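Reading through the structure tokens given below for one structure.
The values are calculated or read from the model by the stated rules, or taken from the named source; none is laboratory data. All of these numbers come straight from a predicted model, not from anything done at the bench. Backbone-built Cβ (ideal geometry, glycine too); neighbour counts: all protein chains shown. SASA here: full protein model, heavy atoms, side chains in, ligands and nucleic acids out. Shrake-Rupley method; radii C 1.70, N 1.55, O 1.52, S 1.80 Å.
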Amino acid sequence: MTQNNTGNSATLTVEGKSYTLPIITGTEGDKAIDISGLLQETGYMTLDSGYKNTGSCTSAITYLDGTNGILRYRGYAIEELAEKCLFIEVAYLLIHGHLPTRTEFDNFKYLLRRFALLHEDMIHFFDHFPPNAPPMSILSVMVNSLCNYYPEMGDDPLTNIDMTAARLISKIRTIAAFSYKKSMGHPLVYPRPDLNYCGNFLNMMFDKPVHPYTVQPETVAALNKLLILHADHEQNCSTSTVRLVGSAGVNLYASISAGINALWGPLHGGANEAVISMLKTIHADGNNFKKYIDKAKDKSDPFRLSGFGHRVYKTYDPRGTIIQEACDDLLLTLNISDPLLDIARQLEEIALNDEYFVSRNLFPNVDFYSGIIYRAIGIPTNMFTVMFALGRLPGWIAQWKEQQENPNTKIGRPRQVYTGEPAREFVPMNERG
Ligand code: MLT
């Protein structure tokens with residue numbers, strides 16, 4: 001079988017017969033061979049385990065160039081958005097495709113405030129999880145349950161997407177903070193209309209009757225930045241899950257709940273927790289960096305440096321660079337000295353000067369420094385992935401909306417190459433020996 005590209009079509013030769021396949025080119029020059037008619041025409045499917053080289057859709061939301069470390073939401077550089085925007089402004093941008101005007105922004109802000117509360121009956125749910133229930137499991141259950149309390153969304157969610165999005169973005173923050181309060185056995189703190197999105201979340205998390213919490217602008221700014229950096233990342237595992245589940249026609253809450261479950265995985269959103277646990281291990285082992293660098297290089301050792309390398313970036317993850325600066329700034333401003341940050345910096349320096357890591361493109365990614373910021377803010381480690389979910393939600397909504405609005409969307413249905421037993425004769429139980 002040979003394959004060659006002839007301009008805007010590709011020729012595939014299978015068993016001596018040639019087929020012409022269209023080439024699709026994206027606005028930034030991405031090229032894809034459209035093989036959607038291949039099976040029907042040739043009897044061949046393509047095999048791409050883990051979909052590493054398979055475009056599952058065309059999308060106008062996020063542009064990612066892994067070779068050059070470029071990330072843009074709706075055409076805007078991530079660096080500029082992280083520097084100049086509010087998270088909810090970026091959420092609006094992702095969902096609508098344009099930055100909000102002042103009126104659009106004020107309206108969205110109003111909706112976020114209006115829908116911040118959780119139906120009181122849902123609050124009883126929290127009492128019935130075991131004390132150590134993982135926060136991501138609680139989050140996915142609660143988000144899925146929203147469809148029982150706000151069923152109007154099931155009928156026509158796209159008609160008033162602002163209301164739908166505001167409901168989800170606002171309530172997920174309340175759910176996350178309430179689940180933390182319940183896990184601590186503390187009284188719930190309700191959302192306050194005078195606080196902005198991030199300030200409100202921090203206040204719901206950390207305010208206590210006897211120890212009132214002061215919302216600090218530096219902490220709000222760091223959280224705002226982290227949420228923006230996590231807001232979308234094209235067709236990653238959880239977003240592909242949201243799209244795949246959504247393609248079956250299920251409601252938005254259920255699709256997002258499935259995305260939350262995918263994000264829960266230690267190979268996906270759980271990675272920032274793994275970084276902190278690795279840094280703690282190295283710290284407890286007398287800061288013996290060399291030992292862990294050697295272990296990471298040893299193929300027979302299962303140890304891997306968490307927070308280094310990325311499936312699609314072959315250079316620095318642009319989010320990692322921004323987070324590293326934000327981390328330095330926050331710890332300096334709050335006058336926090338975290339031994340884990342020192343270890344992280346030294347590990348990074350060693351790895352970046354070591355041929356083994358450089359030749360394998362193992363640069364720090366988004367997860368490497370984000371956990372240290374969360375620690376400085378006071379977020380417990382088992383809630384790091386919940387924070388990722390809060391950030392990723394607008395991206396999931398935008399991707400779901402894009403898919404639902406596309407008239408060509410079909411239910412997702414990958415194929416397989418069967419490698420099991422060939423047809424065999426059934427043997428009744430009494431003859432099986
Ligand atoms: C993400 O932001 O979703 C992660 O970096 C994982 C990915 O994109 O594959």
State the number of residues belonging to the stretch 200-232 that are farther than 15 Å from Tyr374 by Cα and among the basic types (Lys, Arg).
1
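In this structure, does Leu263 turn out to be in contact with a Lys or Arg (Cβ under 7 Å, 6 or more places away or on another chain), open to solvent by less than 50 Å² (accessible area, probe 1.4 Å), within 15 Å of the ligand (Cβ to nearest atom) and in contact (Cβ under 8 Å) with a residue 12 or more places away in the chain?
Working: in contact with a Lys or Arg (Cβ under 7 Å, 6 or more places away or on another chain): yes; open to solvent by less than 50 Å² (accessible area, probe 1.4 Å): yes; within 15 Å of the ligand (Cβ to nearest atom): yes; in contact (Cβ under 8 Å) with a residue 12 or more places away in the chain: yes.
Yes, satisfied.
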Residue identified as at pLDDT below 95, closer than 23 Å to Ser170 by Cβ and surrounded by fewer than 21 Cβ atoms within 10 Å (Cβ to Cβ) among Val250, Val210, Val215:
Val250
Screening Asn132, Asn148 for residues that are open to solvent by 40 Å² or more (accessible area, probe 1.4 Å), within 20 Å of Lys182 (Cβ to Cβ) and in a helix (DSSP H, G or I) leaves only Asn148
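With the stretch 329-411 as the region, which helices (runs of 4 or more DSSP H) entirely inside it contain at least 1 residues that are of a type outside the set (S, T, N, Q) and surrounded by fewer than 15 Cβ atoms within 10 Å (Cβ to Cβ)?
It comes to 339-352, 355-359, 384-405.
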Here is a check on your reading of the model: is Pro131 at pLDDT below 95 and out of contact with any Leu (no Cβ under 8 Å at 6 or more places or on another chain)?
yes
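Of all residues being among the acidic types (Asp, Glu) and closer than 20 Å to Leu146 by Cβ in the stretch 93-125, which is surrounded by the fewest Cβ atoms within 10 Å (Cβ to Cβ)? Just the residue, please.
Our first condition is that a residue be among the acidic types (Asp, Glu); within the stretch 93-125, this holds for 104, 106, 120-121.
Now restrict to residues that are closer than 20 Å to Leu146 by Cβ: 120-121.
Working: Glu120: 7, Asp121: 10.
Applying the filter and picking the extreme gives Glu120.
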Has the stretch 341-363 got any residue that is under 12 Å from Leu305 (Cβ atoms), within 16 Å of the ligand (Cβ to nearest atom) and either modelled with pLDDT of 90 or more or of a type outside the set (S, T, N, Q) (or both)?
yes
Among the residues of the stretch 222-251, the number that are outside any loop (DSSP other than H, G, I, E, B) and within 13 Å of the ligand (Cβ to nearest atom) is 11
Heads up, the helices (runs of 4 or more DSSP H) in the stretch 1-120 (entirely inside) with at least 3 residues that are more than 30 Å from Val189 (Cα to Cα) are 38-42, 78-84
